[in-house]
């Protein structure tokens with residue numbers, strides 16, 4: 001186990017820079033999730049950490065050692081690939097023991113460690129099978145087993161769950177988290193799925209277009225997104241954004257599209273009349289008599305909650321209710337955001353106000 | 001739709017034997033197979049059977065032969081030229097195939113790397129395969145010519161030898177010469193096929209092996225070779241079959257000479273059957289190749305049998 005320091009790392013492919021100076025401190029034993037839309041550079045960063053891509057500038061260190069010029073095999077890391085990259089011609093046991101075999105470990109030692117890893121992952125009955133004979137979830141576990149056997153300083157996961165069906169994904173999510181709680185190995189996990197990030201991470205790093213937008217614990221990111229991108233990326237369904245202006249005359253309000261008025265707890269200093277983006281999460285709407293007029297468009301019940309799409313001031317918003325309302329398309333209701341949970345962003349910079 | 005309508009009509013009035021036959025799966029299946037079977041019989045089974053039959057007769061060009069049983073084979077077994085051709089064929093096949101495999105694999109690995117001018121190099125590698133065999137054979141004939149050989153000329157000018165090499169006049173020189181020509185011609189097929197095989201290996205396997213701590217040599221030994229083995233089996237079977245039955249190169253360059261030193265079974269068969277007119281004896285020589293070919297095919301069949309790791313499950 002080891003800490004990892006990523007300092008001002010840049011990566012260019014030819015003249016095209018994909019990472020524009022990324023710095024991420026990772027503490028020993030932390031579970032860090034790099035999350036962002038495709039093309040944000042998260043996988044490239046992970047591959048640089050693994051040593052599969054060169055580092056154009058900046059430094060990456062694992063423990064006390066700068067690894068920029070160290071071969072992947074010398075870095076003492078293990079990686080779980082998106083397609084698992086299991087060796088098809090080796091059995092599960094051979095796949096898991098391959099790295100030990102290359103290090104000339106004795107066959108007793110290999111057997112012992114493969115057996116232990118197989119027990120942790122419930123793979124013991126499958127050790128003689130070939131990857132082709134396994135289901136997706138089992139292959140996934142073998143890929144993790146291959147990493148565990150090594151007992152590395154750092155685990156790297158590159159979108160490991162994206163090839164699994166929805167149900168299995170949820171189950172494996174828990175399994176990986178539990179595994180981390182048991183082994184406490186520093187883990188860097190890449191995904192584009194913000195739910196995976198929220199549920200698994202000690203620390204989330206939201207990346208976008210080759211920069212870090214925000215770093216923090218899942219709830220920090222949810223409660224205090226630093227900018228509009230993070231606000232929109234974290235949370236499902238996504239946060240509603242309405243463009244308008246802050247009005248301060250006695251009581252601070254937000255004046256949105258078509259003159260719709262929405263409540264504010266307090267206006268940031270000097271924000272009177274400024275163009276802003278008003279952000280409210282779907283779950284922070286309530287039905288109240290002093291709310292804004294809204295016309296319901298679509299109602300989507302999921303059982304535990306109901307998603308309601310409605311028009312407020314001509315803009316579509318989505319609200320989520322835990323309680324069961326009898327709504328029909330075309331109904332007029334009054335939606336009121338909880339003012340203490342509302343976010344304001346500068347319209348020009350997208351920064352939190 | 002049409003089929004359904006037709007069967008509906010047929011049900012309404014249970015008609016003739018003919019229309020009922022057309023409703024039977026088995027009959028229809030057999031009908032559909034007729035064209036394919038006819039083509040196979042006409043172009044595969046008949047010539048093969050004729051070859052077998054000729055080998056059992058004393059047919060000469062211009063005369064009908066009669067059945068003489070295994071007489072041709074018995075006389076061949078006492079024929080030293082025949083046994084020399086068997087030796088030549090095996091030597092030619094084994095040596096050329098091994099070298100073709102080695103060079104082909106090397107080129108395939110090279111072309112699988114990131115190289116400048118890769119597509120151009122790949123095109124150049126394919127060239128020997130594209131040139132008609134007879135044309136390249138004639139080129140080699142000139143290269144090996146006793147007076148005009150470019151190899152001899154270069155070596156003499158370089159001061160390495162004093163006399164021109166008699167490439168095609170000395171038995172062993174001739175054997176090595178035709179083997180070299182065969183290798184030159186056969187390498188592209190091996191290289192390109194193995195390259196295709198290499199490109200099916202997922203790069204992430206190499207990355208995983210890299211992280212697992214494998215050196216280049218270990219990656220080749222533990223990933224490339226096992227993953228490539230099914231393709232190797234196919235390509236080497238083809239290579240062995242084509243080399244064993246080679247005719248054009250030998251016939252154009254040496255015609256089996258000097259003193260039968262480069263006669264392969266195929267060229268000897270042609271010489272006895274067509275040039276010499278003894279169709280029966282020539283066919284017998286060709287038939288004698290069959291056990292060797294079957295052995296080669298069986299060998300690769302067992303090699304080709306899908307290994308356990310390729311079976312079962314889906315991707």
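The values are calculated or read from the model by the stated rules, or taken from the named source; none is laboratory data. Please read all numbers here as calculations on a predicted model, not as lab measurements. As a convention, Cβ positions derive from the backbone with ideal geometry for all residues, glycine included, and neighbour counts pool all protein chains shown.
Tabulated values for the structure
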{"read-out": "Within region B:206-262, helices (runs of 4 or more DSSP H) holding 2 or more residues that are surrounded by 22 or more Cβ atoms within 10 Å (Cβ to Cβ) and more than 14 Å from chain A (Cβ to nearest Cβ)", "value": "B:225-244, B:248-253"}
{"read-out": "Residue check, residue A:325 over 20 Å from residue A:226 (Cβ atoms) and part of a loop (DSSP other than H, G, I, E, B)", "value": "yes"}
{"read-out": "Residue B:289 under 30 Å from residue A:105 (Cα atoms) and assigned to a helix (DSSP H, G or I)", "value": "no"}
{"read-out": "Meets criteria (under 24 Å from residue A:181 (Cα atoms), modelled with pLDDT of 90 or more and either more than 17 Å from the chain's Cα centre (by Cα) or assigned to a strand (DSSP E or B) (or both)) for residue A:18", "value": "no"}
{"read-out": "Condition met for residue A:98 (at the interface with chain B (Cβ under 10 Å from one of its Cβ atoms), touching a strand residue (DSSP E or B) at 6+ places or on another chain (Cβ under 9 Å), on the phi < 0 side of the Ramachandran plot and in contact (Cβ under 8 Å) with a residue 40 or more places away in the chain)", "value": "no"}
{"read-out": "Number of the condition not met by residue A:57 [criteria: (1) at pLDDT 90 or above; (2) over 26 Å from residue B:215 (Cα atoms); (3) under 22 Å from the mean Cα position of the chain (by Cα)]", "value": "(3)"}
{"read-out": "Any chance residue A:342 is under 29 Å from residue A:212 (Cβ atoms) and in contact with a strand residue (DSSP E or B) (Cβ under 6 Å, 6 or more places away or on another chain)", "value": "yes"}
{"read-out": "Selection from region B:175-205 of residues that are assigned to a helix (DSSP H, G or I), in contact with a helix residue (DSSP H, G or I) (Cβ under 7 Å, 6 or more places away or on another chain) and within 14 Å of chain A (Cβ to nearest Cβ)", "value": "B:197, B:205"}
{"read-out": "Residue A:221 being assigned to a strand (DSSP E or B) and crowded, with 17+ Cβ neighbours inside 10 Å", "value": "no"}
{"read-out": "Of all residues making up region A:46-90, the number that are within 10 Å of chain B (Cβ to nearest Cβ) and farther than 21 Å from residue B:228 by Cα", "value": "16"}
{"read-out": "Selected residue [more than 10 Å from chain B (Cβ to nearest Cβ), in contact (Cβ under 8 Å) with a residue 24 or more places away in the chain, farther than 22 Å from residue B:214 by Cα and in a helix (DSSP H, G or I)] from A:137, A:93", "value": "A:137"}
{"read-out": "Residue within region A:31-40 that is at pLDDT 90 or above, in a loop (DSSP other than H, G, I, E, B) and more than 20 Å from the chain's Cα centre (by Cα) present", "value": "no"}
{"read-out": "Residue B:50 being part of a helix (DSSP H, G or I) and touching a helix residue (DSSP H, G or I) at 6+ places or on another chain (Cβ under 7 Å)", "value": "no"}
{"read-out": "Residue in region A:63-71 that is touching a helix residue (DSSP H, G or I) at 6+ places or on another chain (Cβ under 7 Å) and outside any loop (DSSP other than H, G, I, E, B) present", "value": "no"}
{"read-out": "Counted residues, region A:160-191 - those being assigned to a loop (DSSP other than H, G, I, E, B), within 16 Å of residue A:143 (Cα to Cα) and free of Cβ contacts under 8 Å to residues at least 60 places away in the same chain", "value": "2"}
{"read-out": "Residue match in region B:264-281 (condition: in contact (Cβ under 8 Å) with a residue 60 or more places away in the chain, touching a strand residue (DSSP E or B) at 6+ places or on another chain (Cβ under 7 Å) and surrounded by fewer than 20 Cβ atoms within 10 Å (Cβ to Cβ))", "value": "yes"}
{"read-out": "Any hit, region A:6-29, residues being touching a helix residue (DSSP H, G or I) at 6+ places or on another chain (Cβ under 7 Å) and within 14 Å of another protein chain (Cβ to nearest Cβ)", "value": "no"}
{"read-out": "Hits in region B:62-74 (condition: surrounded by 11 or more Cβ atoms within 10 Å (Cβ to Cβ), in contact (Cβ under 8 Å) with a residue 60 or more places away in the chain and farther than 18 Å from residue B:266 by Cα)", "value": "B:65, B:68"}
{"read-out": "Residue in region A:108-120 that is away from chain B (no Cβ under 12 Å) and part of a loop (DSSP other than H, G, I, E, B) present", "value": "no"}
{"read-out": "Hits in region B:112-136 - residues which are touching a helix residue (DSSP H, G or I) at 6+ places or on another chain (Cβ under 6 Å) and more than 18 Å from residue B:239 (Cβ to Cβ)", "value": "B:112, B:122, B:134"}
